[in-house]
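Report on the following structure.
The values are calculated or read from the model by the stated rules, or taken from the named source; none is laboratory data. No experiment lies behind these values; they were computed from the predicted model shown. Please note: Cβ atoms are built from the backbone with ideal geometry, for glycine as well, and neighbour counts cover all protein chains shown. We work out accessible area using only protein heavy atoms, side chains counted, and drop any ligands, DNA or RNA first. Shrake-Rupley method; radii C 1.70, N 1.55, O 1.52, S 1.80 Å.
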Amino acid sequence: MTGLRFLVLGAAAGGGLPQWNCNCSNCAAARDPSSGLAAQTQSSLAVSIDGENWAIFNASPDIRQQIQQTPQLHPKALRHSPIRSVIITNADVDHIGGLLTIREKQAFDLFSTSAIGAVIDANPVFRVLDRAFVKRHAIRLDEDFSPLEGLEARIFAVPGKVALFLEEGEPELGLEGEQTIGIEFIAAGKRAYYIPGCATLPDWLCERIRGADLVFFDGTVFTDDEMIRVGTGIKTGERMGHMPITGDGGSLEALSKLDIGRMVYVHINNTNPIWRNGAERDAVNAAGFEVGHDGMEIDLD
């Protein structure tokens with residue numbers, strides 16, 4: 001088997017679904033086995049060419065659970081892992097926290113921009129990643145790299161902001177640099193993108209992903225003021241560095257114009273109504289988009 005193969009390990013945003021301290025309607029339903037709404041873990045994607053060797057994009061704090069519920073990632077010998085590399089798209093806790101779990105002196109390559117790598121290096125707790133086993137690679141924007149043999153990838157800046165724990169006062173929003181990146185995959189004549197965090201969709205980014213076979217995109221909030229209206233927070237999606245699905249500057253309308261073969265929302269907040277059947281999910285589905293979920297598999301042969 002050859003071709004791009006994707007496994008959504010975690011489709012939820014930071015905190016997962018249900019969030020541990022939240023009893024909003026989505027979180028309550030996710031705790032109720034009779035509701036039909038399955039619990040979801042935090043943002044992560046696995047990619048393979050041959051189905052045997054895998055690259056993990058973002059090391060979620062839930063990575064142990066994600067590996068456990070994904071047979072393709074189970075060890076095949078006494079000490080073994082099919083995970084060959086881990087790539088980090090930003091320094092948020094929900095994307096680097098899992099590095100502390102996969103510290104068991106298992107060899108893999110760790111890829112990040114220099115800026116994200118500096119955040120990891122600045123915290124001594126990440127020294128548990130023994131450099132004798134975990135080889136670090138600093139990757140540059142718009143340069144090719146190979147997280148797996150036969151897989152060509154390229155990172156590029158997308159509008160975002162620094163990680164929450166690095167904020168000092170009001171951060172610069174829509175920042176384009178090494179702090180928040182998207183990933184482009186090319187293999188077997190197919191082109192796909194993973195963009196779990198994005199503050200806006202400028203024209204240059206629309207043109208970059210236009211006509212792609214597959215795009216996983218930031219679906220954090222349905223409306224910009226969603227968390228305020230639900231009562232779970234005081235920040236807008238814009239303030240968190242995430243564009244809404246609908247409303248002014250919404251991703252649904254913009255992405256609908258780009259002739260993308262398959263469009264999947266990921267990094268979905270626990271408050272987002274698209275988790276459940278209703279008008280909001282119907283609107284997404286009617287536009288030809290899918291709501292990502294843990295265990296979702298997509299093959300581009």
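Rounded to the nearest 20, the Cβ-based charge dipole of the range 1-158 about its Cα centre (Lys and Arg +1, Asp and Glu -1) stands at 460 debye. Between Val125 and Asp144, the contour length at 0.36 nm per residue exceeds the Cα-Cα span by 3.8 nm. Each principal axis of the Cα cloud of the chain was evaluated for its coordinate range; sorted largest first, these ranges are 49, 43, 41 Å.
Rounded to the nearest 20 debye, the dipole magnitude of the chain is 960 debye, with +1 charges on Lys and Arg beta carbons, -1 on Asp and Glu beta carbons, and the Cα centre as origin. When the helices of the chain are scored as -39500 (n - 2.57) per DSSP H run of n ≥ 4 and the total is divided over every residue, the value at 222 nm lands at -4500 deg cm²/dmol. Taking the Cα centre of the range 230-301 as origin and assigning +1 to Lys and Arg Cβ atoms and -1 to Asp and Glu Cβ atoms, the resulting dipole is close to 380 debye. By the rule of a C-alpha distance below 17 Å, with chain neighbours fewer than 8 residues away ignored, the aspartates and glutamates paired with Lys105 are Asp130. Other residues whose C-beta falls under 15 angstrom from the C-beta of Phe111 contribute a net charge of -3, scoring Lys and Arg +1 and Asp and Glu -1.
Semi-axes, largest first, in whole Å: what does sqrt of 5 times each Cα gyration tensor eigenvalue give for the range 92-181? Mind showing how you got there, number by number?
Details: eigenvalues 108, 73, 17 Å².
Result for the range 92-181: semi-axes of 23, 19, 9 Å.
Would you mind putting 150-160, 19-29, 36-46 in packing order, based on average other-beta-carbon counts within 10 Å, highest first? List each step's numbers first, then the result.
Values: 150-160: 20.1, 19-29: 16.1, 36-46: 21.8.
Answer by packing, highest mean first, reads 36-46, 150-160, 19-29.
Across the range 162-173, coupling constants 3J(HN,Hα) worked out from phi with the 6.51/-1.76/1.60 Karplus curve, θ = phi - 60°, read 5, 4, 3, 6, 9, 5, 10, x, 7, x, 6, 9 Hz, and Gly and Pro carry x. Taking 1.002 mPa s as the viscosity and 20 °C as the temperature, the Stokes-Einstein diffusion coefficient of the range 152-268 based on its alpha-carbon Kirkwood radius rounds to 146 µm²/s. Extension gain for the segment Lys105 to Ile228, taken as residue separation times 0.36 nm less the Cα-Cα distance, is 40.0 nm to one decimal.
Between Val47, Val125, Val93, the GNM of the chain built on Cα springs shorter than 10 angstrom shows Val125 fluctuating the most. Multiplying the residue separation of Asp32 and Asp301 by 0.36 nm and subtracting their alpha-carbon distance yields 93.1 nm.
Using the alpha carbons alone, the radius of gyration of the range 1-160 stands to its Kirkwood radius in an Rg to Rh ratio of 0.98. Using θ = phi - 60° and the Karplus form 6.51 cos²θ - 1.76 cosθ + 1.60, what ³J(HN,Hα) does each residue of the range 41-50 get, whole Hz, x for Gly and Pro? Once θ is set to phi - 60°, the couplings for the range 41-50 become 8, 7, 3, 6, 9, 10, 10, 9, 9, 10 Hz. Per residue, the average separation of C-alpha pairs within less than 8 Å and at least 6 apart gives the chain a relative contact order of 20 percent.
Give me the percent of accessible area attributable to carbon and sulfur for the chain, probe 1.4 angstrom. Don't jump to the answer; show the numbers that get you there.
On the way: 6440 of 13170 Å².
Solvent-exposed carbon and sulfur of the chain make up 49 percent of the total.
Protein heavy-atom accessible surface, 1.4 Å probe, per residue over the chain: 44 Å².
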